[in-house]
Structure formats: C-alpha cells, structure tokens
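The values are calculated or read from the model by the stated rules, or taken from the named source; none is laboratory data. Small disclaimer: the values here were computed from a predicted structure and weren't measured. With ideal geometry, Cβ positions are generated from the backbone for all residues, glycine too; neighbour counts draw on all protein chains shown. Heavy atoms of the whole protein, side chains included, go into the accessibility calculation; ligands, DNA and RNA do not. Shrake-Rupley method; radii C 1.70, N 1.55, O 1.52, S 1.80 Å.
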Number of protein chains: 2
Amino acid sequence: MFRQTSEFTTWFAEQRRVQRHRVTPVRLDALDGWAAEPGTGNLRHRTGRFFTVEGVEVTTGRRVTPSWSQPIIVQPEHGVLGIVVREFDGVPHFLLQAKMEPGNINLLQLSPTVQATRSNYTRVHAGRAVPYLEHFLGPRRGRVLLDALQSEQGSWFLGKRNRNMIVEVTGDVPVLPGFCWLTAAQIGELLREDHLVNMDTRSVLAGLPWGRHGRPEAAVLDGADDTDRAAHTMAELIGHLTEVRAAHAVTRRRVPLNEVKGWSDNGAELRHEDGRYFTVIGVDVEADGREVARWSQPMLAPVGRGLIGFLARHLDGVPHLLAQIRTEAGSFDVAEFAPTVQCLPANHAHLPPGDRPRFLDAVRDAPDAARLLDVTHSEEGGRFHHAANRYTVVLDEDAPRDPGPGFVWLTPRQLADLVRVPGQVDVEARNLLTCLRWWR
Amino acid sequence: MFRQTSEFTTWFAEQRRVQRHRVTPVRLDALDGWAAEPGTGNLRHRTGRFFTVEGVEVTTGRRVTPSWSQPIIVQPEHGVLGIVVREFDGVPHFLLQAKMEPGNINLLQLSPTVQATRSNYTRVHAGRAVPYLEHFLGPRRGRVLLDALQSEQGSWFLGKRNRNMIVEVTGDVPVLPGFCWLTAAQIGELLREDHLVNMDTRSVLAGLPWGRHGRPEAAVLDGADDTDRAAHTMAELIGHLTEVRAAHAVTRRRVPLNEVKGWSDNGAELRHEDGRYFTVIGVDVEADGREVARWSQPMLAPVGRGLIGFLARHLDGVPHLLAQIRTEAGSFDVAEFAPTVQCLPANHAHLPPGDRPRFLDAVRDAPDAARLLDVTHSEEGGRFHHAANRYTVVLDEDAPRDPGPGFVWLTPRQLADLVRVPGQVDVEARNLLTCLRWWR
C-alpha cells in the first residue's frame with residue numbers, strides 16, 4: 001500500500017528501471033512473421049492468429065463524407081480486462097499493474113490486474129501463464145461487480161469487444177512484482193497525470209456500480225445527480241439510440257485491403273494519400289515482464305492528437321452531459337453513446353467550418369476556466385502507437401437545451417448505468433466518464 | 001371500451017366477419033414473384049425485397065449436435081411493433097388491433113397498434129399508409145415508455161430484430177375500425193385464451209416498466225419479488241451471459257440454400273429428410289383490411305407444437321425462474337436469456353433420454369396442479385405458418401438450486417428489467433414473461 005502518492009511515484013520509477021524493453025520501428029515488408037496476403041493485400045500473421053489489417057467500406061446518411069473506405073483492424077476474439085478489488089481496513093483497493101505495451105507513450109502504464117487477449121491466456125504465444133486469471137475465469141472467482149462485453153475504438157477496430165470485469169475478493173491475494181494496490185482516491189489523483197492510467201483500466205473502472213464504496217461521483221459537477229429529475233428517462237435514452245440503430249442509414253462491407261481507395265502501402269508503412277487519419281507501421285519489441293520476451297507486430301499510429309470531450313451544463317439544477325449517438329466504421333451494433341466530441345481535429349481542418357463536427361469548436365476552444373477536467377491519456381498500447389487524446393469536460397450553461405439530431409443530454413449517473421449494460425456506450429465515453437467520476 | 005370480456009368477444013367475432021381473407025397453399029415453384037436464385041438456390045422475391053430464405057451452417061461446443069446446417073429467413077430490416085397507451089378515468093388502456101396474418105391460427109389475432117415492416121411503412125408494398133405510425137416515428141410521438149431493438153426467433157431468423165415500442169399519449173386518439181382499447185386486466189384474461197393475443201403484442205408488453213400502472217406483477221407466484229434478496233445481482237446475471245458470449249464456442253457461416261445438407265426442395269416445399277424441424281411452404285393470400293389486398297409468399301411451418309416453459313421455485317422465500325442462456329443458429333449476439341425449455345419436443349424424440357434438452361421432462365411431464373399457467377399461443381403469422389407453442393410455468397420447489405452450466409435463477413422482475421435493455425432476452429422468454437406478468 002502507498003500512504004502517499006509520492007510513494008507510488010517512487011515505486012513506479014523503480015518499475016520503469018527493472019522492466020526493461022525496447023521498441024524499434026521496422027518496415028512493414030520486413031516485419032517478422034507478418035505479410036500481405038496474396039490477392040487481398042490484407043496484413044496477417046503467418047499463423048493466421050492474433051489480428052489482421054483489412055479494409056472496410058462504409059456508407060452513412062451523413063451530409064459530410066457520406067461514404068468512405070479505410071483500413072481497419074480485425075480481431076474477432078475477446079480478451080479479458082479484469083480488475084480485482086479487495087477491502088483493507090474498510091477501504092476498497094484496486095489491484096493494478098505497471099505493464100509495458102509497445103505503443104504506450106512512456107512504455108509503462110497502469111493496467112488492469114488482468115489484461116490479456118484470448119491468445120495470451122490460451123497460450124498461443126507460448127508465453128508464461130497470466131497471473132490472477134483465476135479470479136476472472138473458472139469456478140474460483142470472487143463476487144462479480146461487472147462482467148460485460150464492451151466495444152473498443154470503432155474507427156480503428158471492426159466490431160472489437162473485450163470483456164470488462166471487476167471482481168471483489170475477500171481472501172489473501174499475493175502481490176506479484178509489478179503489481180500494486182491503489183485506492184479510488186489514489187487512482188483519482190493519478191488520473192490527473194498524462195499517460196499513466198491506461199485505456200483498459202479507465203474502460204473497466206467506468207463500470208463500477210454507481211456510488212459503490214462511497215465514491216464522490218462526478219464531484220467536479222455541482223448539484224445532485226437525481227435520475228428522477230433528469231431531462232430524459234432511461235427508456236427515452238435507449239429510444240434515441242434505437243432510432244439511430246433502426247434507421248438503416250449505415251451499410252458496411254469488408255473489402256480487401258488493396259481495394260481501399262486513397263490508401264497505399266509503400267513497403268515501409270500504409271498511409272492515407274493526404275497524410276490524414278492514421279498510418280499502419282511495424283515494430284520489433286524486446287521486453288521483460290511480458291508473456292513473451294520478443295515479438296514483432298503492426299501498429300496503428302494516429303496522425304495527431306485527438307479530442308474527446310463532453311459539454312456539460314445544468315438542466316433544472318441537475319448536472320447533465322451532452323452525449324452524441326455515434327456511428328463508426330467498426331461499430332459492433334451501428335451506433336453507441338459517445339462523448340459530445342470524439343475526433344482527430346486535424347482530419348477536419350481542411351473542411352469549411354460548417355462541415356466540421358458539431359460542438360468541436362465549443363469543446364476545443366473553451367477557456368481553461370470552463371474546463372472541469374483536462375488531461376491527455378493514451379489509447380491501448382497493444383495495437384495503437386502513441387495514440388494520445390485530450391480528455392476534457394467543458395461546463396457551458398449556454399449549451400443548447402435542445403441539441404438537435406444525434407445528440408442527447410443525460411446525467412453522469414445515467415451514463416454509468418448504461419455502461420453496466422453491454423454494448424451501449426463507446427470506449428471513449430467510458431474513458432471520459434472514469435476521469436469524471438474519479439477526478440481528484 | 002368493453003365493460004366485460006363478453007363485449008370484446010362479440011366485437012372480435014364481428015371483426016372476423018367483416019375482415020374477409022383467404023389463404024391458399026401453393027407449390028414453391030408456382031409462387032408468384034418468388035423464385036430460387038440461380039447458383040445458390042436461395043428463395044427470393046424478384047424485387048430483392050421483403051426477405052429471403054438462405055442457408056446457415058453452425059458449429060457449437062454442444063455435446064449433442066455440435067454442428068448442423070439449416071435453412072433460415074434473412075430479413076435485415078427492422079420493423080416497428082408499437083403499442084399506444086392512454087389513460088381513461090385513471091385506468092391505462094392499450095390500443096390493439098384485430099389483424100389478419102396469413103400464418104395465424106384463426107387468421108385474426110390481437111396485434112400491437114402498429115405492426116409494420118419497414119417495407120410496409122415506407123410503402124414498398126404500395127399499399128395504404130400505416131395508421132397510428134405518427135405516434136412512434138417522427139416528432140409528434142408521445143412519452144416513450146419502451147423503445148428497444150429486440151430479437152426474434154433465432155432458430156428461424158438470422159439475426160432478425162424489431163423495434164419494440166410502448167408510447168403513452170394524452171390527447172384524443174380516434175379508434176379506427178378493427179382497433180380497440182383494452183385494460184391490462186382485460187389483456188390478462190385474453191392471454192388465457194389460445195391463439196388470441198399475438199406474438200408481437202406479447203413481445204412488446206414484456207417491456208412495460210415493472211410495476212407501472214399498478215399491475216399485480218407475476219401474481220401467480222407467491223412471495224415478494226425482492227431484487228435485493230435475489231439469488232444473483234444483475235451484474236452476475238449479465239456476467240453469466242457474457243461468459244457464453246465470450247467463450248467463442250459458436251461459429252456461424254451463411255451458405256447457399258442448395259448447400260444445406262439433409263434438406264431438399266421437391267418443387268412443392270422445402271423439407272428436412274427426416275421430416276423434422278420445419279418445412280418451407282408457399283401461400284397465396286387474399287385479404288381485406290391489409291395494406292395490400294393480394295400477395296404471395298413463402299412461410300416457415302414448424303413440425304409439431306413447441307414447448308416454451310419456465311421452471312419456477314422459491315429461493316430463500318423469493319420467487320425465481322430458471323433461465324437458460326441459449327444460442328440459436330440465428331442469434332444476433334451469440335446467446336440470450338431464454339426460458340428453461342424452448343424446443344419442438346418431436347425433434348428430440350429419436351434421441352436417447354440423456355441427449356434430450358435438460359429439464360424438458362420436468363416441464364413437459366409436470367402434473368397440472370404444478371402449472372401456474374398453461375396456454376397455447378401462436379408465433380408471428382407473417383412468416384410462420386401455424387407455429388403453435390405451449391407456454392407454461394411449472395412450480396417445482398425441488399428444482400436444483402445449482403442448475404449447472406448454461407442455466408441461472410433470476411426473479412421475474414430481474415427478467416423484466418433485462419427486457420428493457422436491448423438484445424439480452426429472447427422472444428420466447430419475453431412472450432412467456434408477458435403471460436406470467438399479466439395472467440388473470
């Protein structure tokens with residue numbers, strides 16, 4: 001246990017020292033074990049396992065960019081993202097690990113107790129067993145507080161989902177090297193640091209039952225989160241989502257990677273002709289403290305820093321967030337609740353202002369005094385290379401009460417309740433909700 | 001309004017008289033507008049619209065019948081199943097219609113206010129406008145009590161979902177010919193009659209908020225439905241479902257209809273070589289009171305009557321139902337909560353007893369005194385021909401507290417709460433839950 005954050009800082013610095021690793025960029029055409037499949041150009045491992053990079057063609061009813069095609073990561077298997085919770089002296093502690101991922105900024109970040117693809121834990125990698133897995137799979141597991149399949153980045157993954165789990169245990173849990181117990185308050189402090197609490201941890205923590213363990217939920221927003229006085233009932237919120245899902249405005253088709261228009265693979269990397277969106281690069285990894293000590297893989301590297309933000313305001317005295325109902329190329333089920341803004345602003349810089357995402361300016365250009373929180377975090381470092389997003393919540397009491405089609409006001413608690421049901425809230429909104437709920 | 005059920009009976013008999021229709025079986029190869037597609041043998045309409053009959057190949061981890069292929073209906077579009085509710089003198093009334101469907105036993109059954117495929121309401125049929133649709137789509141709609149995409153029969157439909165809606169209105173609603181207002185108590189009485197309240201009505205009513213309008217919910221079961229004292233929390237229940245969905249035991253592949261093994265089309269109909277499961281037949285329909293007065297279509301006709309039943313018992317004094325977590329060939333998302341038993345018993349008669357569905361005997365062979373309800377209802381008459389299921393709930397205080405893998409105890413209220421979230425509870429369980437909630 002850490003009595004003060006400074007103790008954690010010392011421990012984490014020591015982890016950086018003892019867990020040595022090196023990530024080296026390599027040309028895609030020189031990536032060990034990976035090659036373009038003849039005919040399709042899809043990037044795949046020689047075993048057919050792990051994941052592939054393929055193409056997808058999307059048509060939407062949107063006025064701007066009504067259709068496009070793009071490369072996308074296809075990884076049908078579900079991993080386990082699980083956090084063990086245990087009370088010590090009446091205070092719940094969360095077991096996290098200092099874990100290296102090749103795409104992480106700073107390499108080492110705080111991951112869930114278990115962060116394992118199915119290939120990991122079924123030993124396709126022929127690596128070491130995954131510690132603590134027995135708390136999540138099989139008969140010995142503790143009390144389940146959360147166990148739901150949740151989506152990941154729909155703009156980069158095709159229908160990818162992982163199992164988000166929180167399990168409460170009462171017995172002794174040995175703390176292995178690289179692991180540590182943290183309280184909710186300590187996690188709240190660490191969430192203020194850039195690139196420290198990783199995406200999977202943030203995603204899982206969003207699903208902790210509201211108010212459990214006496215958390216001061218979303219305390220950066222004044223006013224009681226009274227569901228009975230919210231602008232919409234849960235049935236109405238789900239109805240807004242249903243409307244988009246039932247509208248049949250979106251069609252999606254998998255296509256061979258070499259038929260994706262506007263993208264080309266020059267041997268070194270796969271990139272968009274205008275340098276927008278992302279590139280696909282290759283890396284060699286040498287690591288300690290991982291299941292396998294050395295491997296090579298492609299990674300998706302976004303172009304520029306993204307912006308993930310909620311507009312917030314009070315409606316009849318009750319704090320609300322403005323959710324977008326958003327469709328991505330890879331959305332598992334057409335659309336999910338998303339933050340007000342979720343994009344790489346650079347992708348839209350060439351468009352006339354009226355064609356840029358709604359509320360982008362309001363979230364990006366708000367004065368610092370209006371920001372209830374503001375931090376830069378990384379996305380998952382196992383697939384994404386230096387994918388950084390600014391996470392922010394902007395208080396704007398003048399935001400429109402009727403936000404127009406595709407947007408809806410809900411309270412933080414309503415959003416948290418929706419997270420506890422599989423498949424309704426996207427990973428960006430879950431991540432931002434965790435910042436909001438835990439912020440200290 | 002009907003003061004007594006006998007008044008309804010008179011009205012409904014009159015509807016049977018004024019709504020005249022005729023359904024005539026025809027050979028598949030003589031079905032107007034429909035033909036087997038060259039190459040695949042898939043049955044489709046010449047416009048490519050409405051639906052198709054194709055093939056699907058399924059592999060599961062089940063011990064018995066680990067893999068099979070079968071014909072299946074593919075209908076990607078979502079329809080609207082919507083019920084208008086309005087209070088009169090403080091008593092909520094539900095607007096239902098006496099509607100003909102070609103596959104209905106008795107042809108006329110009580111349907112939701114709106115029961116329309118997208119083809120209906122976007123006028124592909126070039127028929128009349130769908131009455132009351134404005135209460136469900138567009139800006140004039142009332143207060144949304146339910147609006148969720150819900151699955152339909154996964155053994156016959158590939159990933160089919162419809163929009164289940166309940167909308168409460170306060171203004172005047174003209175009652176068109178063929179429509180009537182019924183109270184919850186009256187619907188509860190009518191649910192005791194075989195083949196009267198249709199599948200779509202039962203499906204939608206399952207999603208009414210629990211306890212709303214003072215319903216004596218699941219009154220046939222003694223004891224308070226206290227969620228806090230239920231055998232499992234909602235998180236644990238969702239966890240059971242997640243476990244099955246994440247297990248990757250199921251793979252599914254669409255195949256051409258003419259590659260489905262064990263099935264053959266003799267020109268007149270498509271059937272299984274052993275006469276099991278279902279046949280696909282053709283019908284010509286002439287109707288009054290429908291959007292189009294005359295059409296032809298294939299229908300799926302199950303072989304024999306099905307059994308849809310819950311085992312029920314008290315756990316620590318709280319009434320529980322035994323849910324199965326069930327995968328069907330066409331399940332939208334791998335598996336959903338289902339009744340304890342959901343099958344055509346005749347399909348399993350040739351198997352040794354140990355290979356038949358678990359709890360089948362307990363539900364089928366229970367003494368009448370143990371049945372809390374027992375009624376035969378029809379499945380959707382727009383696609384299924386005379387598809388009849390016995391719906392029953394069997395009280396068995398000796399049912400095992402630990403039911404083994406793939407089964408879980410939950411309370412009726414927990415099941416109702418799960419229905420209010422899209423995609424967790426299958427249509428058979430929703431239908432049976434409505435019988436249980438409304439039964440008078």
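Roughly how much accessible area, to the nearest 100 Å², goes out of reach of solvent when A and B pair up, both sides summed, probe 1.4 Å?
2600 Å²
Under a cut-off of 17 Å between alpha-carbon atoms, report the aspartates and glutamates in cross-link reach of A:Lys261, not counting same-chain residues fewer than 8 places apart.
A:Glu54, A:Glu57, A:Glu269, A:Glu273, A:Asp274
Quick one: among A:Ala388, A:Ala30, A:Ala335, which has the greatest mean-square fluctuation in a GNM of chain A with alpha-carbon springs under 10 angstrom?
A:Ala30
For the stretch B:175-272, which GluC sites (Glu not before Pro) pass both filters: DSSP loop (anything but H, G, I, E, B) and at most 16 other C-beta atoms within 10 Å?
Those satisfying the criteria are B:Glu193.
How many angstrom lie between the C-alpha centres of the stretch B:224-249 and the stretch B:42-62?
Comparing the Cα centres of the stretch B:224-249 and the stretch B:42-62, I get a distance of 32 Å.
About the Cα centre of the stretch B:324-440, how large is the charge dipole given +1 on each Lys and Arg Cβ and -1 on each Asp and Glu Cβ? Please answer in debye to the nearest 20.
Details: 13 positive and 17 negative charges, 62 e Å.
The dipole of the stretch B:324-440 has a size of about 300 debye.
Say a label goes 7 Å from Cα toward Cβ at A:Asp89 in every copy; what distances in nm does this one have to the rest, shortest first?
6.7
Which one, A:Pro256, A:Pro352, A:Phe278, projects farthest toward the positive side of the charge dipole computed for the stretch A:208-352 from Cβ point charges (K/R +1, D/E -1)?
Of the listed residues, the answer is A:Pro256.
Using a label position 7 Å from Cα in the Cα→Cβ direction, what is the ascending list of nm distances from A:Thr183 to the same site in the other copies?
5.7
Once both labels are modelled 7 Å past Cα along the beta-carbon direction, what's the A:Arg440-B:Arg212 spacing in nm?
4.1 nm
If Lys and Arg each add +1 and Asp and Glu each add -1, what is the summed charge of the other residues whose beta carbon sits under 12 Å from the beta carbon of A:His385?
Residues near A:His385 contribute -3 overall.
Enter the mean number of other protein chain beta carbons within 10 Å of the beta carbon of each residue in A:410-421, as an integer.
1
Give a residue-ordered list of calculated ³J(HN,Hα) values for the stretch A:147-158 (Karplus: 6.51 cos²θ - 1.76 cosθ + 1.60, θ = phi - 60°; whole Hz; x for Gly, Pro).
7, 9, 6, 10, 6, 10, 3, x, 7, 10, 10, 8
For the stretch B:64-74, just list the computed ³J(HN,Hα) in residue order, Karplus coefficients 6.51, -1.76 and 1.60, θ = phi - 60°, integers in Hz, with x standing in for Gly and Pro.
Each residue of the stretch B:64-74 in turn: 9, 6, x, 8, 6, 10, 7, x, 8, 7, 10 Hz.
From the residues B:Ser331, B:Gly306, B:Leu108, which one has its Cα farthest along the dipole of chain B in the positive direction, the dipole being from +1 and -1 charges on Cβ of Lys/Arg and Asp/Glu about the Cα centre?
It is B:Leu108.
According to the square roots a ≥ b ≥ c of the eigenvalues of the Cα gyration tensor, what is the shape class of the stretch B:96-238, taking rounded for a/c under 1.5, prolate for a/b larger than b/c otherwise, and oblate for the remainder?
Because a/c hits 1.5 or more and a/b exceeds b/c, the stretch B:96-238 counts as prolate.
State the Cα centre-to-centre distance between the stretch A:358-379 and the stretch A:315-340 in whole Å.
Comparing the Cα centres of the stretch A:358-379 and the stretch A:315-340, I get a distance of 16 Å.
Can you pull the mean other chain C-beta count within 10 Å for peptide B:145-155?
3
Placing unit charges on C-beta atoms (Lys and Arg positive, Asp and Glu negative, everything else neutral), compute the dipole magnitude of the stretch B:67-211 about its Cα centre in debye, rounded to 20.
460 debye
Taking amide hydrogens as modeled 1.01 Å from N in the peptide plane, which residues meet the under 5 Å criterion relative to A:Cys343, leaving out close sequence neighbours?
A:Leu307
Please build a GNM for chain B, connecting alpha carbons under 10 Å apart, and tell me which residue among B:Val58, B:Val18, B:Val114 fluctuates the most.
The residue with the greatest mean-square fluctuation here is B:Val18.
Using a Gaussian network model of chain A with C-alpha springs under 10 Å, which one of A:Gly39, A:Gly207, A:Gly223 is most mobile by mean-square fluctuation?
A:Gly39
May I ask you to compute the full-extension gain from B:Arg229 to B:Asp288, defined as 0.36 nm times their residue separation minus their alpha-carbon distance, rounded to one decimal in nm? Walk me through the numbers on the way to the answer.
On the way: separation 59, 0.36 × 59 = 21.24 nm, distance 5.22 nm.
Stretched fully, the B:Arg229-B:Asp288 segment lengthens by 16.0 nm.
Taking the Cα centre of the protein assembly as shown as the origin and placing charges on Cβ (Lys, Arg +1; Asp, Glu -1), which of A:Gln4, B:Ile238, B:Gly211 is farthest toward the positive end of the dipole?
Of the candidates, B:Ile238 comes out farthest on the positive side.
Let me spell out the model: positive unit charges on the Cβ of Lys and Arg, negative unit charges on the Cβ of Asp and Glu, origin at the Cα centre of the stretch B:388-440. What dipole size does that give, in debye rounded to 20?
Around 340 debye, computed over the stretch B:388-440.
Could you compute the FRET efficiency for A:Asp316 and A:Val18, with r as their C-beta to C-beta distance and R0 at 60 Å, rounded to 0.05? Don't skip to the end; give the middle numbers.
Values: r = 54 Å, r/R0 = 0.90.
About 0.65, to the nearest 0.05.
Under a crude label model (7 Å from the Cα following the beta-carbon direction), how far is B:Trp68 from A:Arg46 in nanometres?
Here the modelled spin labels are 4.2 nm apart.
With a/c under 1.5 counting as rounded, go ahead and sort the protein assembly as shown into rounded, prolate or oblate using the C-alpha gyration tensor (a ≥ b ≥ c being the square roots of the eigenvalues; past the cut-off, prolate if a/b is larger than b/c, else oblate).
prolate
When only DSSP loop residues count, what trypsin sites (Lys or Arg not before Pro) in the stretch B:189-255 have their Cβ near at most 16 other Cβ atoms within 10 Å?
The qualifying sites are B:Arg192.
In sequence order, what are the phi-derived ³J(HN,Hα) couplings for the stretch B:305-316 according to the Karplus relation 6.51 cos²θ - 1.76 cosθ + 1.60 with θ = phi - 60°, rounded to whole Hz, with x for glycine and proline?
These are the phi-based 3J(HN,Hα) values: 8, x, 10, 10, x, 9, 7, 10, 7, 9, 10, 6 Hz.
Accessible area of the stretch B:206-326 with a 1.4 Å probe: how many percent of it is carbon plus sulfur?
44 percent
Which distance in nm do the two modelled labels at B:Thr10 and A:Arg27 give, with both placed 7 Å along the Cα-to-Cβ direction?
Using points 7 Å along Cα→Cβ, the separation is 9.0 nm.
What residue of chain B sits with its beta carbon nearest the rotation axis taking B to A, and at what distance in whole Å?
Residue plus distance in Å, as requested: B:Val421, 2.
Please report, for B:Gly211, the nm distances (one decimal) from its label point, 7 Å out from Cα along the beta-carbon direction, to the equivalent points in the remaining copies, shortest first.
From this label point to the equivalent ones elsewhere in the assembly: 1.4 nm.
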